[in-house]
Amino acid sequence: MKNLDLKSHVRGESIYVDDIPLVQGTLFACVFDSPVAHGKLNGINTADAEASEGVVRVIIAKDIVGENQIGGIIPDEPLLADGEVHFQGQPIAIVVAASEELARKAAKKITADIDPLEPVTDPRVAAANGDLIVPPKKFILGNADKAFLDCEHVFEGKADINGQEHLYIETQGAYALPTETGIKIYSSTQGPTAVQRAVCKVTGMSMHQVEIETQRLGGGFGGKEDQANAWAAICAVACQITKRPVKYALHRMEDMRMTGKRHPYSADYRIGLDRDLKIVAYDVTFYQNAGAACDLSPAVLERTLFHCTNSYYVPNVTATAYSCRTNLPPNTAFRGFGGPQGMFVIESAITHAADKLGVDRSEIQRRNLISEGDEFPYGQLAESDAITTWEQGDAKYEFLRLQQEAHEFNAGSKYLKKGVGIMPVCFGISFTKTPMNQARSLVHVYTDGSVAVSTGAVEMGQGVNTKIAQVAADVFGLSIEQVKVHTTNTLRIANTSPTAASAAADLNGRATEIACETIRDRLFEVAKILAEAESIEQLSFKGGYVWRNGDRTGLDWQTLVMDAHLRRVNLSEHAHYATPGINFDWSTAKGSPFAYHVYGTAVVGVTVDCLRGRYEVDYVKCCHDFGSSMNTAVDYGQIEGGIVQGLGWMTVEEIVYDANGKLRSNALSTYKVPDIYSVPKEIVILPLETDRKNLAIFNSKATGEPPLMYGIGAYFAIREAVKAFNPNAELPFDAPFTPEKVLMSLYPASTC
Ligand code: MTE
Ligand code: LUZ
Ligand code: MOS
């Protein structure tokens, strides 16, 4: 079963915000944003813009009817700067004009009177200044301080990880229309309810006046979990003031400049091992670069802690995390949500130990994989293990043979060197904030037998609508063509969690399953009469027919549905699902927050050109825990995409802000992403064979985020290859490993 959007994508018929037919009288917004990263905002000169051709209105902070505030977790983010500016790209004024071009032209005529203040871009400097978004967070398991005293080997060091631009193909955007009750907004958002709340805040309207509609996204990757809010709020404010429809679809460079990215982190680690290379103690401190406002940073920070020991069992852990306020655009959710950064640090610590002890890093990795029943630092016990994917991957791909092949190749090659990196991954599925793990589904069976489903899930390319349609088709025994999954709309489905945490198919799929089963059971009662069955247990639906005791009856689905309607049976259902059995208590920093974990192990092979510093990824081969996939086409696509996105983050994608907080990598000419020529030559996926039951929809585990972290293996593979060329290289743990950094590390400084 392929992704249902396939054909409309290929034909160019899929509708994104910028494709919505415009209503007569539509105006266009454009933002004037801060040219300075930190300063006192004394005044804004809008007169020239106001006099500019086609301009209907210029809006500044004091014009906002409701509150000038869009902060979700903490109210620390004005929609429009007022009195101060905190990052380059911070919206200051909104120009509303008759066309996109005229709005942009006018916005260029605005100037701001700003007294610059010293910007801070380094999270460690912010932490030293005491400038934290929230108080530090900590996980403690066992007693690391005490355990270090008995360790045979102790190593400490520092690891740095850069951010990542989301680069969704569809940029941020929204289209607001005035309605009789309030306002309707088409938004490219992962979180229609989050947009609704932000719009209510800035307009002063109630939630029942505000309708948010989302057809699909041209990618979100976390970048539209929270950060779609601002653009919808801007359109809403302009719509409310002008009483006209207002649209804003950002240009790529506006989007790159004004929106936040994956959080960069800097971390200090200390790792202690015993004689048998068992990790006995781990102490880690994370400095998260949150940017200028809270956004989702505390939740991201928490997931960094949740995944700070990755797939390993470490009995004594102290993990501390600081969310540091800097003068960068507020950083936000990005596939993995802080988890990948936590994992990179322990992988660095293990590699450090391996280097010093003269063993292969995979030896330390393998000896410390978590077993069923082991305790994570947050108190949950592993309901499964990391050893099985490692062993099944090893059996199929022969890790040692791959490593030996690389060594043999290197012995006979002067300037090309190969490296191999193994990367086990363990990722918890559920929002770590327990109340967010709920969803609703609205299912209608129409009298012609067709089925319409609405849920809170947002389709963003990950195939969630295909999976939801499969659920309904499966429960009713219909073909997928008889089911349509409709737009995500806050009038049909209220109080939604964002489509995030890889949990959308689980949560919304489960709610859909419950709704469909409720309708199915009502229909069984009718079928029992029509098909003359003794009990409903004898009945089933398959292939558009009612079956009795395993035999097809003459009663077809459409006849049954119409008959049920004439008997006044309810053919609609609105169902609710909440993940059972999960909890987390921050007062003790313990609990069982995850419905289950996804495990996997990848082996990544690279070849480095040691004259030029360039490299190629030869292969990524993984053994991945799908549970039992309900859609292999979609899930394999998620794994391939996740791997390439993870590789990009670890290798070529480099975000550069200068000391003044100006984004230098502000376009695709200066920010490199993996293209078709730089993706791995080979990606092999081996599904883990397991019959374990889990809370996933149809026992099919989430695939959205976990595969991204296989990309971390490439960093360490490149490092191996560099060491093969220059065994004395000084190799700090500082991702991404760009070709430039590789080149600089291949040769001693004196020869460059
Ligand atoms: N795949 C595509 N094609 N586009 C996306 O934007 N987002 C990722 C992942 N895969 C994304 C994607 C992220 S960050 C998440 S959390 C999950 O999809 C969300 O969808 P799911 O919960 O249905 O897996
Ligand atoms: N979003 C969120 C997430 O709000 N909470 C989470 O735990 C999470 N995890 C992954 C991605 N997005
Ligand atoms: Mo994904 S970072 O949970 O949107």
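Structural remarks
- Put simply, of 177, 132 the only residue that is within 30 Å of residue 345 (Cβ to Cβ) and more than 16 Å from ligand 2 (Cβ to nearest atom) is 132.
- Residues in the range 193-214 that are open to solvent by 10 Å² or more (accessible area, probe 1.4 Å) and under 19 Å from the mean Cα position of the chain (by Cα): 194 only.
- Every residue from the range 293-313 that is open to solvent by less than 10 Å² (accessible area, probe 1.4 Å) and either hydrophobic (A, V, I, L, M, F, W, C) or away from ligand 2 (no atom under 15 Å from the Cβ) (or both): 293, 294, 300, 301, 305, 306, 308, 309, 310, 311, 312
- Listing of strands (runs of 3 or more DSSP E) fully contained in the range 495-570 that carry 2 or more residues being farther than 18 Å from residue 474 by Cα: 551-556
- Counting only strands (runs of 3 or more DSSP E) that fall entirely inside the range 1-60 and contain at least 3 residues that are open to solvent by less than 30 Å² (accessible area, probe 1.4 Å), in contact with a helix residue (DSSP H, G or I) (Cβ under 9 Å, 6 or more places away or on another chain) and farther than 30 Å from residue 631 by Cβ, the qualifying elements are 27-33, 55-59.
- The lone exception for residue 358 - which of (1) crowded, with 24+ Cβ neighbours inside 10 Å; (2) more than 16 Å from ligand 2 (Cβ to nearest atom) it fails: (1)
- Failed criterion for residue 653 (all others in (1) closer than 23 Å to residue 744 by Cα; (2) of a type outside the set (S, T, N, Q); (3) touching a strand residue (DSSP E or B) at 6+ places or on another chain (Cβ under 9 Å) hold): (3)
Residue-by-condition table, conditions (1) assigned to a helix (DSSP H, G or I); (2) within 16 Å of ligand 2 (Cβ to nearest atom):
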residue	(1), (2)
341	yes, yes
344	yes, no
352	yes, no
373	no, no
384	no, no
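- Criterion (more than 16 Å from ligand 1 (Cβ to nearest atom), under 22 Å from residue 272 (Cα atoms) and touching an Asp or Glu at 6+ places or on another chain (Cβ under 6 Å)) met by exactly one of 362, 371: 371
- Figure legend. Inter-residue proximity from the range 497-513: first residues open to solvent by less than 10 Å² (accessible area, probe 1.4 Å), second residues assigned to a helix (DSSP H, G or I) and of a type in the set (Gly, Ala, Ser), beta-carbon distance below 8 Å, spacing 6+ or different chains. Indicated pairs: 512/472.
- Identity of the residue in the range 616-637, open to solvent by less than 30 Å² (accessible area, probe 1.4 Å) and within 10 Å of ligand 1 (Cβ to nearest atom), that ends up farthest from residue 718 (Cα to Cα): 634
- Residue in the range 495-515 that is more than 16 Å from ligand 3 (Cβ to nearest atom) and closer than 20 Å to residue 227 by Cα present: yes
- Filter result for the condition that a residue is buried (at least 22 other Cβ atoms within 10 Å of the Cβ), modelled with pLDDT of 95 or more and within 27 Å of the chain's Cα centre (by Cα), over 476, 427: 427
The values are calculated or read from the model by the stated rules, or taken from the named source; none is laboratory data. On a predicted model such as this, the values are computed, not experimentally measured, just so you know. A quick note on method: Cβ atoms are made from the backbone with ideal geometry, for glycine too, and the neighbour counts reach across all protein chains shown. For accessibility, only protein heavy atoms count, side chains too; no ligands or nucleic acids. Shrake-Rupley method; radii C 1.70, N 1.55, O 1.52, S 1.80 Å.
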